[in-house]
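First the structure, in the form of structure tokens, and then the observations on it.
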Amino acid sequence: MVPTSYFLVLSAVLFAIGALGVLVRRNVLIIFMSVEMMLNAVNLTFAALAHHFLQLHGQVFVLMVMVVAAAEVAIGLAIVMSVVRHKDTTNIEDMNLLKG
Amino acid sequence: MLDYAWLMLLFPALGVLIISFFGTRLGRRVVGFLAPAMVFLSFAVAVAMFVQMLGLPAEERSHELTLWNWMVVGNFSVDIALLIDQLSVTMALVVTGVGFLIHVYSAGYMHDDPRYPRFFAFLNFFILMMTTLILANNYLLMFVGWEGVGLASYMLIGFWFEKPTAADAGKKAFIVNRIGDFGLLLAIMVIWTGLGTLQFSEVFARAPEVWGVGNAAVMAATMLMLLAATGKSAQIPLFVWLPDAMEGPTPVSALIHAATMVTAGVYMIARSAVLFDLAPATGNWVAWVGVATAFVAGTIALTQTDLKRILAYSTVSQLGFMFVAVGVGAYAAGIFHLMTHAFFKALLFLGAGSVMHALHGELDIRKMGNLRAKLPVTYWTFVAGAAALAGIPLLSGFFSKDAILFYAFEHQIPLWVVGIITAFITAFYSFRMVFMAFWGEERDKKLFQHAHESPRVMTIPLILLAAGAVLAGYVGLPSISAIDGWLEPVLKAGEHAAEGAAHNFTLEMILLGVSALVALAGAYLAYRAYIVNRGMPKRVRESLGFVTKLVENKYYVDELYNAIVVEPLRAIGGWLAQTFDQRGIDGAVNGLAGATGWLGSQVRRLQSGMVGLYALAMLFGAVALLAWFAIR
């Protein structure tokens with residue numbers, strides 16, 4: 001039996017990689033994937049702790065996060081598509097229309 | 001009929017509404033008929049009330065008519081109510097009667113004016129407000145009329161507002177009157193706080209009990225009323241607006257600035273006779289203000305060369321005589337002179353209008369001469385008016401002025417001395433106008449060639465007014481004065497007058513003789529100076545030097561007021577507009593806007609456009625929150 005702490009460490013590592021990806025990468029699609037990775041790291045934590053405490057709440061919450069993530073991807077990709085059509089770039093640095 | 005007094009207000013009100021809304025569509029003929037007709041109907045109501053009143057015993061002649069309750073605030077209650085008594089009916093007859101004739105005359109005089117309907121709407125509005133003033137049974141409703149006639153006066157003086165002088169004259173009249181109106185408003189407040197009512201009958205019943213003779217409150221109320229009267233009736237110190245008011249159309253000068261509105265102050269003092277009897281000191285002030293104004297304005301009239309301005313100063317001077325009368329307690333004599341003056345001064349103004357009409361707007365008497373050859377009707381009626389003004393025996397002005405001088409003599413002999421000198425001056429300038437304008441030879445040939453008599457719509461009112469100017473005096477013959485007896489129940493002047501007459505019949509006859517001699521002497525001197533010996537006026541002017549300059553410049557009163565009132569106010573206004581408003585008010589508003597803008601420009605830098613930075617900030621925020629929760 002794998003101890004719960006392994007799962008928590010793994011998810012922390014995954015979350016840190018995702019966050020770092022969001023911060024350092026410039027390509028919108030990569031940033032998107034990094035965000036997904038952060039979400040899934042959280043999902044892993046939920047599932048692991050649900051198993052640890054033998055309760056279903058955590059697992060239900062995972063399903064919830066998946067639904068939200070799917071919706072977010074749909075909208076996010078649509079925005080990316082329209083930006084690409086408009087500016088012909090996926091570089092986040094060029095998307096600064098609302099700059100003060 | 002007395003219960004239908006409200007009809008007197010209804011007709012002019014209808015006239016105002018119909019002409020204001022449909023005037024241009026109805027056309028000149030209809031408007032020119034409708035406006036005089038409305039005033040005539042009012043006049044007919046007044047005559048009917050007068051006739052009915054004659055049939056009643058003296059104590060039943062006063063009638064109050066409450067139309068509706070105007071306002072109730074706490075224990076303060078005012079009605080829209082009319083008081084019909086001997087005094088208000090007399091005033092109503094004069095206002096609507098003379099007003100009707102002037103309306104008819106205006107229909108001819110204003111014939112070519114592009115704003116014809118507007119003129120008649122304003123004239124009818126004036127009649128409406130003047131009847132309100134006269135018929136009101138309380139001070140507040142009277143104040144409404146008082147302000148209303150001031151508004152009408154402003155609109156009509158500035159009727160030809162394209163001319164800057166006319167627009168300025170309108171403003172001047174309005175602003176100067178405002179000072180007086182403020183006095184009346186304060187007087188009303190004093191009366192209300194002291195007596196708890198504004199209705200005439202209650203005020204006059206309570207005042208002697210609550211206040212008594214010489215009380216400070218009654219002094220304050222009457223002095224404030226005197227201030228109000230000096231504004232409306234153009235007395236020292238507020239007379240400066242009336243001569244400038246001559247910029248308005250001539251019928252306006254005749255109706256408002258000679259016959260009716262300017263007498264409102266005299267009417268108010270006569271109406272408040274009970275209060276003025278309680279304040280003898282104020283009465284003295286009234287008399288001296290009156291006689292000083294009469295003298296000052298009379299001397300200015302001597303030097304003027306503009307026909308209408310001579311008449312304007314003459315009006316100021318004659319109003320001064322009325323003030324003397326009401327000041328010495330001879331209220332009936334004041335109202336009597338008010339009535340005769342309404343006839344002859346309206347006549348003189350309309351005559352001046354007729355001359356103006358004939359000479360294409362020329363009013364300088366130095367350019368006239370021999371006009372009697374071209375304008376016979378105007379000439380004869382003008383002579384009747386001038387003779388009545390001069391106080392030539394057996395004409396109306398003779399009897400009324402003499403009554404005033406008699407009471408002035410009884411009261412204080414110095415008043416009489418100044419009065420009789422002014423009467424002499426009056427006679428002189430009246431005939432100076434006649435001789436310079438109508439006698440001698442024509443000075444301006446071209447003007448004279450084109451002169452023509454006015455149409456009948458203008459000459460018939462002149463003839464009717466001339467009849468009034470000649471005959472109106474016979475209601476107030478010395479010692480058997482009908483008007484004294486008629487007004488006695490209202491003014492309580494009858495006993496005083498009858499007593500004086502009984503004791504001093506010889507004195508009155510002597511004074512009568514002196515007045516007659518003085519009037520004739522003034523007229524004769526004018527004849528010598530302007531017909532026989534033409535070099536004389538010039539020699540007199542030169543020999544008087546400094547005095548001539550002073551009088552010709554109207555005692556520099558306008559200049560004085562400009563220096564001590566107008567210019568300082570302008571300076572304050574300029575400072576407020578340019579310094580206080582632009583730096584103070586605008587500075588505060590603009591400063592606030594600037595500060596907000598600066599703050600925004602600083603905060604804007606946070607929005608750098610670098611998404612990575614936002615994400616980092618969010619991360620740090622989240623970590624910081626977590627840390628805070630963890631540590632707590």
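No value in this document is a laboratory result; all are computed from the given coordinates. This one's a predicted model, so the numbers in the text were calculated from it and none came from an experiment. All Cβ positions, glycine included, derive from the backbone under ideal geometry; neighbour counts span all protein chains shown.
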Which three semi-axes in whole Å describe the equivalent ellipsoid of region B:1-148, each the square root of 5 times a Cα gyration tensor eigenvalue, listed largest first?
-> 29, 19, 11
Residues with amide H under 5 Å of B:His63's amide H, sequence separation 5 or more or different chain, H placed in the peptide plane at 1.01 Å from N; which?
-> B:Ile84, B:Asp85
Just rank B:Leu447, B:Leu350, fewest to most, by other beta-carbon atoms within 10 angstrom.
-> B:Leu447, B:Leu350
Region B:68-77 - phi-based ³J(HN,Hα) in whole Hz, Karplus 6.51/-1.76/1.60, Gly and Pro as x | 7, 7, 7, 7, 10, 10, x, 9, 9, 9
Would you mind checking the pairs B:Lys163/B:Lys445; B:Lys445/B:Lys538; B:Lys171/B:Lys345; B:Lys171/B:Lys554; B:Lys232/B:Lys538; B:Lys172/B:Lys374 and listing those with alpha carbons more than 30 angstrom apart?
-> B:Lys232/B:Lys538; B:Lys172/B:Lys374
Can you tell me the order of B:88-97, B:179-188, B:355-364 when each peptide is scored by its average per-residue count of other Cβ atoms within 10 angstrom, highest first?
-> B:88-97, B:179-188, B:355-364
Ranked from fewest to most other Cβ atoms within 10 Å of their own Cβ, A:His57, B:His337 fall in the order A:His57, B:His337
Highest-first arrangement of B:135-141, A:5-11, B:118-124, where packing means the average Cβ count within 10 Å | B:118-124, B:135-141, A:5-11
Within the set of other residues whose C-beta is less than 12 Å from the C-beta of B:Ala254, count the net charge using Lys and Arg as +1 and Asp and Glu as -1.
-> +2
Mean other chain Cβ within 10 Å across B:8-15 is 0
Just from the alpha-carbon atoms, what are the Rg and Dmax of the protein assembly as shown in angstroms?
-> 42.5, 147
Sorted by packing (mean other beta-carbon atoms within 10 Å per residue), highest first, where do B:385-393, B:78-86, B:571-579 land?
-> B:385-393, B:78-86, B:571-579
Viscosity 1.002 mPa s, temperature 20 °C: Stokes-Einstein D of region B:530-632 from its Kirkwood Cα radius, in µm² per second?
-> 96 µm²/s
Under-5 Å amide H pairs with B:Ala136, H placed in peptide plane, nonlocal only = B:Leu83
Label-to-label distance, nm, for residues given as B:Leu592 and B:Asp113 (7 Å Cα→Cβ offset) = 4.8 nm
With Cβ to Cβ distances under 15 Å as the rule, what net charge do the other residues near B:Ala229 carry (K, R +1; D, E -1)?
-> +1
Counting only residues 5 or more places away or on other chains, whose amide H sits under 5 Å from the amide H of B:Asp79 once H atoms are built in the peptide plane?
-> B:Trp70
Output ³J(HN,Hα) for region B:235-244: one whole-Hz value per residue in order, computed from phi by the Karplus curve 6.51 cos²θ - 1.76 cosθ + 1.60 with θ = phi - 60°, and x for Gly and Pro.
-> 10, 4, x, 9, 7, 4, 6, 5, x, 5
Would you give the gap between the C-alpha center of region B:49-106 and the C-alpha center of region A:34-57, rounded to a whole Å?
-> 99 Å
Mind giving me the FRET efficiency for B:Ala48 and B:Ala205? R0 is 25 Å, r the Cβ-Cβ distance, nearest 0.05 is fine.
-> 0.30
Put in order of increasing Cβ neighbours within 10 Å, starting from the fewest, B:Leu242, B:Leu67 give B:Leu67, B:Leu242
Estimated 222 nm signal from helices in the protein assembly as shown, with DSSP H stretches of n ≥ 4 weighted -39500 (n - 2.57), rounded to 500 = -24500 deg cm²/dmol
Region B:513-546-region B:129-181 distance, computed between alpha-carbon centres (Å) | 37 Å
Taking the Cβ of B:Thr197 as the center, what net charge do the other residues with Cβ under 13 Å away carry, scoring Lys and Arg +1 and Asp and Glu -1?
-> -2
